[in-house]
Amino acid sequence: MIRQFIQRLGYGFRNFMVGRYGTDKLNMAILCAGLAACLVSAFFDNPWINLLLTAVSYGLMIWALCRSFSRNTYKRYQENRKFLQFFDRLKDREHRYYECPKCRQVVRVPRGKGKIAITCPKCREKFVKKT
Ligand SMILES: [Zn+2]
């Protein structure tokens with residue numbers, strides 16, 4: 001009886017998730033941040049800070065849920081891609097990233113070369129940056 005019920009529940013859930021986005025690294029990060037906000041709130045006695053952190057924590061968790069149930073998988077995928085890209089850039093100590101002032105193309109240049117003239121690979125716009 002119970003097994004059947006769980007099986008049906010699992011089937012229902014799979015059915016529900018068809019065409020929906022599911023989870024990704026960005027969602028995990030949002031959930032972790034939500035959990036962290038929840039934990040941090042325990043250290044504050046001030047009811048306002050407590051309330052704020054709890055609200056932030058719920059907000060983040062609801063955001064993560066909305067993302068995983070979203071049917072706009074393309075948009076969610078792009079969000080995750082941008083998030084991963086952002087972290088890759090944070091970790092990258094050997095390069096700096098600049099946005100082309102004309103076409104917004106991101107250009108990667110080596111660090112520590114002083115002032116250099118950068119030519120955008122997309123639109124050939126030239127701009128000077130300190131690296
Ligand atoms: Zn450009």
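Summary table below
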{"item": "Hits in region 110-131 - residues which are more than 8 Å from the ligand (Cβ to nearest atom), at negative phi and either in a strand (DSSP E or B) or out of contact with any strand residue (DSSP E or B) (no Cβ under 7 Å at 6 or more places or on another chain) (or both)", "result": "110, 113, 115, 116, 117, 118, 119, 126, 127, 128, 129, 130"}
{"item": "Every residue from region 82-96 that is more than 30 Å from residue 22 (Cβ to Cβ) and under 21 Å from the mean Cα position of the chain (by Cα)", "result": "93, 96"}
{"item": "Residue within region 48-65 that is at pLDDT 90 or above and not in a helix (DSSP H, G or I) present", "result": "no"}
{"item": "Considering residues of region 78-109 that are over 13 Å from residue 126 (Cα atoms) and among the basic types (Lys, Arg) only, the residue nearest to the ligand (Cβ to nearest atom)", "result": "108"}
{"item": "Condition broken by residue 75, with the remaining ones in (1) exposed (fewer than 13 other Cβ atoms within 10 Å of the Cβ); (2) at pLDDT below 95; (3) more than 16 Å from the ligand (Cβ to nearest atom); (4) basic (Lys, Arg) satisfied", "result": "(2)"}
{"item": "Near pairs, Cβ below 6 angstrom, 6+ apart or cross-chain, from region 89-107 (open to solvent by 80 Å² or more (accessible area, probe 1.4 Å)) to any residue that is β-branched (Val, Ile, Thr) and within 16 Å of the ligand (Cβ to nearest atom)", "result": "96/109; 99/106"}
{"item": "Within region 14-51, tally of residues that are surrounded by 10 or more Cβ atoms within 10 Å (Cβ to Cβ) and either under 30 Å from residue 72 (Cα atoms) or touching a helix residue (DSSP H, G or I) at 6+ places or on another chain (Cβ under 8 Å) (or both)", "result": "26"}
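Every residue, every condition in (1) among the small types (Gly, Ala, Ser); (2) more than 26 Å from residue 16 (Cβ to Cβ), yes or no:
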site: 53; (1), (2): no, yes
site: 56; (1), (2): no, yes
site: 61; (1), (2): no, no
site: 69; (1), (2): no, no
site: 77; (1), (2): no, no
site: 80; (1), (2): no, no
site: 98; (1), (2): no, yes
site: 114; (1), (2): yes, yes
site: 124; (1), (2): no, yes
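The values are calculated or read from the model by the stated rules, or taken from the named source; none is laboratory data. What you see is a predicted model; the values in this text were computed from it and never measured. Note that each Cβ is placed from the backbone with ideal geometry, even for glycine, and that neighbours are counted across all protein chains shown. Calculation scope for accessible area: heavy atoms of the full protein, side chains included, ligands and nucleic acids excluded. Shrake-Rupley method; radii C 1.70, N 1.55, O 1.52, S 1.80 Å.
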